[in-house]
Amino acid sequence: MTGEYEKLKAIVADKEVYITKLLKQKTQVEEQKQLIIDDLKTKISEKDAYISKLLKDKSQQQERITSQEEQSIKETSSVEVQFNYLISM
């Protein structure tokens, strides 16, 4: 009876060691997973900031183009008026 008890006790001890190793591995995997998640969040944040900058630059360029087009139209209109005035004389 004592021999069987000692065998069972040894088996339980082995299982406890195995469970402890598995829990340690699980913890390591969870830590690695969290590092990867944090890294990806950082990359997403950086890319979002870059996209925002590009959109702002695009908007500013579009405003400049629109302003230049409006200025060109004003200059052209002014020249036409002056030209028409000169011809009428």
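Data overview
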| item | result |
| --- | --- |
| Under 19 Å from K47, Cα to Cα: lysines that are on another chain or at least 8 residues apart | K56, K58 |
| Largest to smallest principal axis extent of the C-alpha atoms in the stretch 1-69, angstrom | 100, 9, 5 |
| Full-extension gain in nm, Q60 to I73, via 0.36 nm per residue minus C-alpha separation | 2.7 nm |
| In the stretch 27-61, GluC sites (Glu not before Pro) in a DSSP loop with at most 12 other beta-carbon atoms within 10 Å | none |
| Rounded FRET efficiency, nearest 0.05, which uses the C-beta distance separating E31 from Y5 and R0 of 41 Å | 0.60 |
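A short reminder: the numbers here are calculations on the coordinates, not readings from a lab. All figures in this text were calculated on a predicted structure; none of them were measured in a lab. Cβ coordinates were reconstructed from backbone atoms using ideal geometry, including for glycine residues, and neighbour counts include every protein chain displayed.
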